[in-house]
Structures are given as structure tokens and as C-alpha cells.
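Everything on this sheet refers to the single structure shown next.
The values are calculated or read from the model by the stated rules, or taken from the named source; none is laboratory data. Given the structure is predicted, the values throughout are model-derived calculations rather than measurements. Glycine also receives a Cβ, built like all others from the backbone with ideal geometry; neighbour counts cover every protein chain displayed. Surface areas here come from the heavy atoms of the whole protein model, side chains and all, with no ligands, DNA or RNA. Shrake-Rupley method; radii C 1.70, N 1.55, O 1.52, S 1.80 Å.
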Amino acid sequence: YVRIQRWSSQAHEFVLQRAALQEGAQLVAVNINLGARLSKMHAITTLLGAHASSRLYGFVSGRGEQHIDQHTLQDHQAPHTVSDLLYKAALKDASRMVYTGLIRIAKPAKQTNAYQANHNLLLGQHAKAETIPMLEILADDVQCKHGATVGPVDEEQLFYLTTRGISRELAERLLVMGFVEPIIEQVPMDALRQRLREELEGSLQP
């Protein structure tokens, strides 16, 4: 499942996504947010059957005064289930991103493997990102990890590119595209991957 959101800068959106995975089911979901003045999304994935798995990916390109809230729930209700989540954001101007993610492992969900990561690039002095990863583990014999980062583009990488004759603006765009490429690579269709790259490059133009 791939969703590309590119509403106008004045739009408000409220999104609820739900997936219920029975035994052996596999889900790959990619959410790309490029537009809207205000965007609030709840993505809930419930693993109901043994050996179900989900891979969840998201990217936000924020600019102006956009406000983006993203809330995710990886809900493991059965044993031998796997979930992997990677959400990223690149925020310019005075845009703001709030990410809240919960991994819940119910008592019957033994031998579960769950991971959650949220990484944010701040491309403007007034851009802000808040990340709140959470774990709720009620079962034994599980593997469960989460990680989060917030920070600017690496100045050493920018310096290296600018010394090769690349403008700072273009160098920043190249680094952001490299930042999001691991998410694009999860899309299984070549044509759709290329379309996503074009959409993202367009969103990063001045």
C-alpha cells in the first residue's frame, strides 16, 4: 500500500489507517506526506495471527508553517509476529512534526520481534520535531527496540559537497534525497519508485 499526499498549503486532513493481519499475512505500507497546512494521521496495524508481519515506512517533507502529527500503533496480539517501522521527516522554514509511536505486545504474543525508528532532519532555524516512542510489553521472550533522532543536516557532508562545486542549496537537497532513499527502496515497483523520487525532489525546490 502506497499513499502520496500532496494537498494544497491551505488544506486540513485527518486520516485513519487500519490493517488487521491474520495468520501468515504480510503488509508493506508507505506513506509520503508533502502537503496540507495541518495533517493528522493515525496508522494502526494489528497482528492477529501467528507469523503475520508488517513493514511500515513514512516520510514527511515539511515547509512554511505546516503542522504534521503522525501516530502509529504496532499491536502484536499473536506469537511469532514481526513488525518493522521507519518514519522520517525533513522540515524547512517553521514547519513542525510530532511523531508518537507505540509498540504493544499482548501477553499471548511470545517470540515477537518489533522495531520502531523515527528520524528527523531540521532544515530551518525555526523548524521543530518532537518524537515520542513508547513500548508496552506484556509478554516474555520477545525482542523489542525503538530509536529516534532530531538534528540538522551534517555540516561536514555539506562542506564536502560544496567543495566539489555544488551549491549549498543543491547539496542540501541531495542529502535529503539520500536520507529518504531507504524508504523509497521499499516500494516494490520501479515506476512507482521513480515517481516518488520526482515528487520528493519537486517538494524540496525553493
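Per-structure values
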{"item": "All positions within the range 32-83 that are among the hydrophobic types (A, V, I, L, M, F, W, C), in contact with a Ser or Thr (Cβ under 7 Å, 6 or more places away or on another chain) and within 22 Å of residue 202 (Cα to Cα)", "result": "34, 68"}
{"item": "Some residue of the range 30-43 being within 20 Å of residue 186 (Cα to Cα), assigned to a strand (DSSP E or B) and at pLDDT 95 or above", "result": "yes"}
{"item": "Positions within the range 75-115 being in a loop (DSSP other than H, G, I, E, B) and in contact with a Gly (Cβ under 6 Å, 6 or more places away or on another chain), in sequence order", "result": "78, 92, 93, 95"}
{"item": "Top-ranked residue in the range 9-26 [being open to solvent by 70 Å² or more (accessible area, probe 1.4 Å) and among the charged types (D, E, K, R); ranked as nearest to residue 107 (Cα to Cα)]", "result": "23"}
{"item": "Candidate set from the range 35-48 (those that are of a type in the set (Ser, Thr, Tyr) and out of contact with any His (no Cβ under 8 Å at 6 or more places or on another chain)); member that is surrounded by the most Cβ atoms within 10 Å (Cβ to Cβ)", "result": "45"}
{"item": "Residue within the range 159-174 that is at pLDDT 85 or above and either in contact with a helix residue (DSSP H, G or I) (Cβ under 6 Å, 6 or more places away or on another chain) or among the acidic types (Asp, Glu) (or both) present", "result": "no"}
{"item": "Residue match in the range 27-34 (condition: surrounded by 22 or more Cβ atoms within 10 Å (Cβ to Cβ), in contact (Cβ under 8 Å) with a residue 24 or more places away in the chain, under 16 Å from residue 117 (Cα atoms) and of a type in the set (Gly, Ala, Ser))", "result": "no"}
{"item": "Verdict on residue 64 being within 25 Å of residue 198 (Cα to Cα), surrounded by 18 or more Cβ atoms within 10 Å (Cβ to Cβ) and modelled with pLDDT under 95", "result": "no"}
{"item": "Leading residue by the ranking (farthest from residue 56 (Cα to Cα)) among those in the range 146-196 that are part of a loop (DSSP other than H, G, I, E, B) and touching a residue at least 40 places away in the same chain (Cβ under 8 Å)", "result": "188"}
{"item": "Residue check, residue 51 within 23 Å of residue 187 (Cα to Cα), open to solvent by 10 Å² or more (accessible area, probe 1.4 Å) and part of a loop (DSSP other than H, G, I, E, B)", "result": "yes"}
{"item": "Residue in the range 196-203 that is modelled with pLDDT of 85 or more and open to solvent by 50 Å² or more (accessible area, probe 1.4 Å) present", "result": "no"}
{"item": "Within the range 110-152, tally of residues that are over 18 Å from the mean Cα position of the chain (by Cα), open to solvent by less than 80 Å² (accessible area, probe 1.4 Å) and of a type in the set (S, T, N, Q)", "result": "2"}
